[in-house]
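The values are calculated or read from the model by the stated rules, or taken from the named source; none is laboratory data. Just so it is clear, the structure is predicted and the values come from calculations on it, not from any experiment. Cβ placement follows ideal geometry from the backbone for every residue including glycine, while neighbour counts extend to all protein chains displayed. The accessibility values were calculated without ligands, DNA or RNA, using every heavy atom of the protein model including side chains. Shrake-Rupley method; radii C 1.70, N 1.55, O 1.52, S 1.80 Å.
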Amino acid sequence: MKKAEFTTSETAWCPGCGNFSILETLTGVLNEMETPPSQIVLVGGIGQAAKTNQYISANGFSGLHGRALPAAAAIKIVNDDLTVIVNTGDGDSYGEGGNHFIHNIRRNVDITHFVHDNQIYGLTKGQPSPTSDPCDLDHITDACNMSASFNPLLIAIATGATFVARAFSGDQEHLAKIMHAAINHKGYALVDILQPCVSFNKKNTFAYYKKRVKPLDDTYDPTNKLAAMEKAMEFGDTIPIGILYQNQLLTYKEKRPELFDAKPLIDKQVQLEDVQALIKSYL
Ligand SMILES: Cc1ncc(C[n+]2csc(CCOP(=O)(O)OP(=O)(O)O)c2C)c(N)n1
Ligand code: SF4
Ligand SMILES: [Mg+2]
């Protein structure tokens, strides 16, 4: 399976957008995994990041704005053999989908969530998203947060996520490693990927992140929850990237005996007599 086989049409992104390297890295990772496209489902909501799924030749589902996670969870729960990956934006994941974000973490469904975090609403031309930096009251710009900024990694760890990582679209080698680890993790895995929006976010640029991102070193222990929460709060002159927290807990399906044998409708044996009896009961 070649990388090109996963790549489809031309994109509608601006030249230089951080989404390009995420798309390229992900197609490379899918290729290395050697999972056939028929066994992969890419799910998104609405936005520039959510378009990623339309540029990869595998199964896809586009949900409503903010509704990628419930769709992905449902797909995985009844199709355990499939690899389910969500690609969507910071606004979609943490704003419109904030409630789903929290409660799907609690469920620990075995899905991977790549958030293309450009700290802005890109598709709608640059309004602040939950992760936009706080406003400097002496210099208010369009894309800063008058409300408190949302810390997705801290919230994910506090809510019980079993894999929480940050990566940068400008460091593809590191991103690929994190993507592999996230997809291989059993349970919900969140990777917040810093993804510069070159058209509307004039603050959090490639140069801005390049200066600040710092991979976690080998002495870092990702199983220490309190240390991970402390690390998640570092977002300033230094922005740590890597797996901040990893743990193993039972997944949603493993906790629900009634789902042990769940399978998609297409795999269920249906007896014609049963269907006829059912229809008759409504007559
Ligand atoms: C319910 C609803 N509210 C608002 C919109 C308008 N809308 C479309 S995309 C978008 C922002 C998406 O931002 P983000 O998820 O960060 O993705 P990006 O475009 O930055 O990649 C908004 C507000 C919508 N389509 N549906
Ligand atoms: S508006 Fe921003 S996020 Fe959207 S395609 Fe252009 S550079 Fe990328
Ligand atoms: Mg965004």
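For SER93, the requirement of being without any contact (Cβ under 8 Å) to a residue 40 or more places away in the chain and among the hydroxyl-bearing types (Ser, Thr, Tyr) is not met. For the range 53-65, a tally of residues being of a type in the set (S, T, N, Q) and without any contact (Cβ under 8 Å) to a residue 40 or more places away in the chain returns 3.
Listed by first and then second residue, the pairs with beta-carbon distance under 7 Å, at least 6 apart or on different chains, first residue in the range 146-165 and outside any loop (DSSP other than H, G, I, E, B), second open to solvent by 40 Å² or more (accessible area, probe 1.4 Å) and polar (S, T, N, Q), are PHE163/GLN246. Scanning the range 119-134 for residues that are open to solvent by 20 Å² or more (accessible area, probe 1.4 Å) and more than 14 Å from LYS202 (Cα to Cα) gives LEU123, THR124, PRO130, PRO134. Look at the range 227-240: where a residue is in a helix (DSSP H, G or I) and a partner is surrounded by fewer than 17 Cβ atoms within 10 Å (Cβ to Cβ) and not charged (D, E, K, R), sitting 6+ places away or on another chain with Cβ atoms under 7 Å, you get MET229/ALA158.
Of the residues that sit in the range 80-138 and are more than 12 Å from ligand 3 (Cβ to nearest atom) and among the aromatic types (Phe, Trp, Tyr), which one is farthest from SER169 (Cα to Cα)? Among those that are more than 12 Å from ligand 3 (Cβ to nearest atom) and among the aromatic types (Phe, Trp, Tyr), it is PHE101.
Here is a yes/no grid of residues against (1) in contact (Cβ under 8 Å) with a residue 40 or more places away in the chain; (2) open to solvent by less than 10 Å² (accessible area, probe 1.4 Å):
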residue: ARG67; (1), (2): no, no
residue: ILE75; (1), (2): no, no
residue: LEU82; (1), (2): yes, no
residue: THR88; (1), (2): yes, yes
residue: ASN99; (1), (2): no, no
residue: ILE102; (1), (2): yes, no
residue: ARG106; (1), (2): yes, no
residue: THR112; (1), (2): yes, yes
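Of the helices (runs of 4 or more DSSP H) that lie entirely inside the range 1-107, those containing 2 or more residues that are over 15 Å from the mean Cα position of the chain (by Cα) and more than 22 Å from PHE150 (Cβ to Cβ) span 3-6, 19-33, 68-78. Going residue by residue through the range 186-196, is there one that turns out to be within 16 Å of ligand 3 (Cβ to nearest atom) and of a type in the set (S, T, N, Q)? Yes, the range 186-196 contains a residue that is within 16 Å of ligand 3 (Cβ to nearest atom) and of a type in the set (S, T, N, Q). The set of residues in the range 238-257 being more than 16 Å from ALA73 (Cβ to Cβ) and open to solvent by 100 Å² or more (accessible area, probe 1.4 Å) consists of GLN248 alone. Restricting HIS116, HIS185 to those that are within 16 Å of ligand 2 (Cβ to nearest atom) and open to solvent by less than 20 Å² (accessible area, probe 1.4 Å) reduces the list to HIS116.
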